[in-house]
1. Give me the net charge for the shell around ARG2: Cβ to Cβ below 15 angstrom, other residues only, Lys and Arg +1, Asp and Glu -1.
2. Please report the accessible area of SER3 (heavy atoms, 1.4 Å probe, ligands and nucleic acids excluded) in Å², nearest 10.
Amino acid sequence: MRSVVRFVAAIMKAALVALATAPRLVWDGVRWVARSMSGGAPGQAAAAQAEAVAELQAAADEATQNLAAPAASATAAPSADASVEWGQAALRFLAGQRRGVEGTLDEPALAYLGALSPEQQARLAAHPARRIGEHLLRERRIASLPEPEDMAGWRKAELARLCRLSLPEPVLRVDPWAGLPKEARSLPAPAFA
């Protein structure tokens with residue numbers, strides 16, 4: 001029950017951050033449009049555009065850091081333990097921060113996280129990083145989630161998928177005499193009559 005409360009609190013915090021950031025983004029956009037329409041020199045417009053893009057990027061980075069803060073605070077400090085590293089990488093992946101995750105998680109784990117429904121992602125994110133890592137490494141399964149596939153099973157499924165893609169499409173053969181009476185089938189084709 002506490003994990004549900006923490007999840008709802010994290011969602012509410014994210015909504016408040018988005019609501020607090022939106023007026024600033026709109027105001028920055030209005031300033032940029034006003035500056036570009038004021039007829040300044042082309043160099044000034046390009047500089048203003050670069051400044052506005054940098055401001056928007058900074059605001060977006062700040063918002064993603066605020067969204068990732070509840071997930072990071074729920075986890076333990078980074079250690080040499082693989083399950084903690086995998087759990088932290090999975091939380092970053094679920095928060096939308098894809099950079100650096102590929103170096104930690106393998107392809108089956110990335111495919112597993114990408115295939116989870118939003119409800120399953122929320123259930124997974126409600127656990128601490130160590131527990132998520134143990135689930136992804138198949139050390140200790142989380143009962144309410146599907147079991148992650150190991151490397152051998154993933155390779156087998158991927159090979160089957162690639163084989164299905166490489167097979168040619170079946171050719172549909174049409175009988176030119178279908179639907180004609182039996183007597184007409186025995187006659188030569190009109191080109192040879």
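1. Summing Lys/Arg as +1 and Asp/Glu as -1 gives +3.
2. The accessible area comes out at roughly 40 Å².
The values are calculated or read from the model by the stated rules, or taken from the named source; none is laboratory data. As the structure is a prediction and not an experimental result, all values here were calculated from the model. Virtual Cβ from ideal backbone geometry, glycine too; neighbours counted across all protein chains shown. Just the protein is used for accessible areas: all its heavy atoms, side chains included, with ligands, DNA and RNA removed. Shrake-Rupley method; radii C 1.70, N 1.55, O 1.52, S 1.80 Å.
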